[in-house]
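Everything below concerns the one structure shown next.
The values are calculated or read from the model by the stated rules, or taken from the named source; none is laboratory data. On a predicted model such as this, the values are computed, not experimentally measured, just so you know. Virtual Cβ from ideal backbone geometry, glycine too; neighbours counted across all protein chains shown. Accessible surface areas use protein heavy atoms only, side chains included; no ligands, DNA or RNA. Shrake-Rupley method; radii C 1.70, N 1.55, O 1.52, S 1.80 Å.
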Amino acid sequence: MNDSSDAGSSDVASQAILAQNLHLLIGQVSQSQGIPPAFIESGFSDTKTIPSIRKLVLPPSGAFKKNWAVYRQRFVEPIRLKAGKVFWEQNQAYLSQIEQDSGVPAEVIVAIIGIETIYGRQTGNFRVKDVLSTLAFDYPDTPNKIIREQLFKDEIKSLILLCWTQAGGKLPANNASQNVNPELFKQCVNQNSSYAGAIGLPQFMPSSIRAYAVDGDGDGQIDLRQSSRDAIASVANFLKQQGWQPGMPIYFAIPQSAFAQASILADGEPQLKYSVQELIEKGILTPQQGDLQGGGVSPQSKALIVDLPYADQDGADKVRYVVGLNNFLTIVQYNRSYFYAQSVAEFAEALGYKNQSVITADLPALPSAKQSTNSKKKKVPHKKATRASAN
């Protein structure tokens, strides 16, 4: 009886603290954007903490070993690949158009949506406002607790602004709510998300929806939950804005004989540190991989060494190494995980992506490769910024 009573008192206290903190944050948004506070409060009045969310975002225990083979098997597998081919067939013409416009291969777009949600089958079943509020004000005690809570506070602010505009409002609002539909606002803040607050087929965080999502089907609205075209166009736009290089490969496989040399350069930092020419000179890459006309990239292109640890059949620790190129790093911006980026590349290859340079006059102009990422400084992290690990 006492345990139950204590638990109940704790829940009431947690809800009271959540309500107080949320009220203060809503006041900040209201003041900065001129949105009537009562309007926002009406959409958030029933916000609740979700204790299970706190457990889901905890990092793995110290005994946990990252396993590339297990990760790959989970995502690059027959069910997702079959669904990917169906999704591609259903959206073939539009995917071709987006590839032509953005330079991002259709296979890569299809791979990302497949890995994220199996084309909308697994988009999460938590209310986004509950998830973000729980993680903003009651993040578990981890070394990065303060940073993570601030990130989710910013996502709540982005959610409010996103839902205000989707309900018909303008920014700044100038303390007026005319022509803004309160029901649409409530639907927006109550929509389903993942346990990290990511929304829709491509699993965008609210800040990423505001920054990168586009209206692909031309209906005047951005709907990442129901519109395949909006999802396709938004994924392409995200990668393009992160510096995707049209017609360039994502990564280079390297022979096992070069693994020892590669291991020396693999520091886990998602930064383009080495030129392809340097890696050729060290015997990690072949001269052909530095031949732009032969399916490679220019020798001056920057790259990084990607480590993919796994356990072999006998349980022994092993590591596979590949060379990640500029386009690999743009996928890392989508989800800060080497495992994720390599899975996207191999999923795309399974769909027919050639992973080699394609130099044609029809492709958009090739931007210069990024020398490094600002992954630690980005204020608009995409969905998997909730996983800061590089693997």
Query raised in the report: When both residues are 6+ apart or on different chains and their Cβ atoms are under 6 Å apart, which pairs have a first residue that lies in the range 210-224 and is over 13 Å from Phe238 (Cβ atoms), and a second that is basic (Lys, Arg) and open to solvent by 50 Å² or more (accessible area, probe 1.4 Å)?
Result: Asp217/Arg229
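Considering only the range 17-64, state which residues are open to solvent by less than 20 Å² (accessible area, probe 1.4 Å) and not aliphatic (A, V, I, L, M).
Filtering the range 17-64 for residues open to solvent by less than 20 Å² (accessible area, probe 1.4 Å) gives 18, 22, 25-26, 29-30, 34-35, 40, 43-44, 47, 53.
Passing the criteria: Ser30, Gly34, Gly43, Phe44, Thr47.
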Requested in this report: Within the range 36-51, track down each residue that is touching a residue at least 60 places away in the same chain (Cβ under 8 Å) and among the small types (Gly, Ala, Ser).
Outcome: Ser42, Gly43
Query raised in the report: Is it true that Tyr310 is within 18 Å of Tyr340 (Cβ to Cβ), open to solvent by 60 Å² or more (accessible area, probe 1.4 Å) and touching a Phe, Trp or Tyr at 6+ places or on another chain (Cβ under 7 Å)?
Result: yes
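Which residue out of Ser234, Ser193, Ser208 is touching a His at 6+ places or on another chain (Cβ under 6 Å), crowded, with 24+ Cβ neighbours inside 10 Å, at negative phi and modelled with pLDDT of 95 or more? Explain how you work it out, then say what you get.
Values: Ser234 fails: touching a His at 6+ places or on another chain (Cβ under 6 Å); Ser193 fails: touching a His at 6+ places or on another chain (Cβ under 6 Å).
The match here is Ser208.
Quick one: which residue in Glu281, Glu269 is surrounded by fewer than 16 Cβ atoms within 10 Å (Cβ to Cβ) and over 28 Å from Tyr71 (Cβ atoms)? It would help to see each step written out before you state the result.
On the way: Glu269 fails: over 28 Å from Tyr71 (Cβ atoms).
It is Glu281.
Among the listed residues Val110, Val104, which satisfies the condition of being within 23 Å of Gly197 (Cα to Cα), in contact (Cβ under 8 Å) with a residue 40 or more places away in the chain, surrounded by 19 or more Cβ atoms within 10 Å (Cβ to Cβ) and within 20 Å of the chain's Cα centre (by Cα)? If you could, list the steps in order and put the result at the bottom.
Numbers: Val104 fails: within 23 Å of Gly197 (Cα to Cα).
Of Val110, Val104, the one residue that is within 23 Å of Gly197 (Cα to Cα), in contact (Cβ under 8 Å) with a residue 40 or more places away in the chain, surrounded by 19 or more Cβ atoms within 10 Å (Cβ to Cβ) and within 20 Å of the chain's Cα centre (by Cα) is Val110.
Evaluate the range 87-95: report whether one residue or more is out of contact with any strand residue (DSSP E or B) (no Cβ under 7 Å at 6 or more places or on another chain), open to solvent by 70 Å² or more (accessible area, probe 1.4 Å) and closer than 21 Å to Ile250 by Cα.
In the first step, residues of the range 87-95 are kept if they are out of contact with any strand residue (DSSP E or B) (no Cβ under 7 Å at 6 or more places or on another chain); the result is 87-95.
Next, from what is left, pick out any that are open to solvent by 70 Å² or more (accessible area, probe 1.4 Å): 89-90, 92-93.
Now drop any that are not closer than 21 Å to Ile250 by Cα, which leaves none.
The answer is no; no qualifying residue exists.
Only one of these is over 18 Å from Ala198 (Cα atoms) and at pLDDT 95 or above: Tyr139, Tyr94, Tyr119. Name it. Break it down into steps so the answer makes sense when it comes.
Numbers: Tyr139 fails: over 18 Å from Ala198 (Cα atoms); Tyr119 fails: over 18 Å from Ala198 (Cα atoms).
That would be Tyr94, the only listed residue that is over 18 Å from Ala198 (Cα atoms) and at pLDDT 95 or above.
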Requested in this report: Return the only residue of Ile222, Ile209 being part of a loop (DSSP other than H, G, I, E, B) and under 20 Å from the mean Cα position of the chain (by Cα).
Outcome: Ile222
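Look through Leu184, Leu162 and report the one residue that is open to solvent by 60 Å² or more (accessible area, probe 1.4 Å), on the phi < 0 side of the Ramachandran plot, out of contact with any Phe, Trp or Tyr (no Cβ under 9 Å at 6 or more places or on another chain) and aliphatic (A, V, I, L, M).
Numbers: Leu162 fails: open to solvent by 60 Å² or more (accessible area, probe 1.4 Å).
The unique qualifying residue is Leu184.
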**Report entry** Residue pairs meeting the criteria (Cβ under 6 Å; at least 6 apart or on separate chains; first within 16 Å of Tyr71 (Cβ to Cβ), in the range 309-329; second surrounded by 15 or more Cβ atoms within 10 Å (Cβ to Cβ) and among the polar types (S, T, N, Q))
**Finding:** Tyr310/Asn67; Ala311/Asn67
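Of these, Gln92, Gln97, Gln122, which one is under 19 Å from the mean Cα position of the chain (by Cα) and without any contact (Cβ under 8 Å) to a residue 40 or more places away in the chain?
Numbers: Gln92 fails: under 19 Å from the mean Cα position of the chain (by Cα); Gln97 fails: under 19 Å from the mean Cα position of the chain (by Cα).
Checking each option against the conditions leaves just Gln122.
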Query raised in the report: Got at least one residue in the range 122-130 being in contact with a strand residue (DSSP E or B) (Cβ under 7 Å, 6 or more places away or on another chain), at pLDDT 95 or above and more than 26 Å from Asp217 (Cα to Cα)?
Result: yes
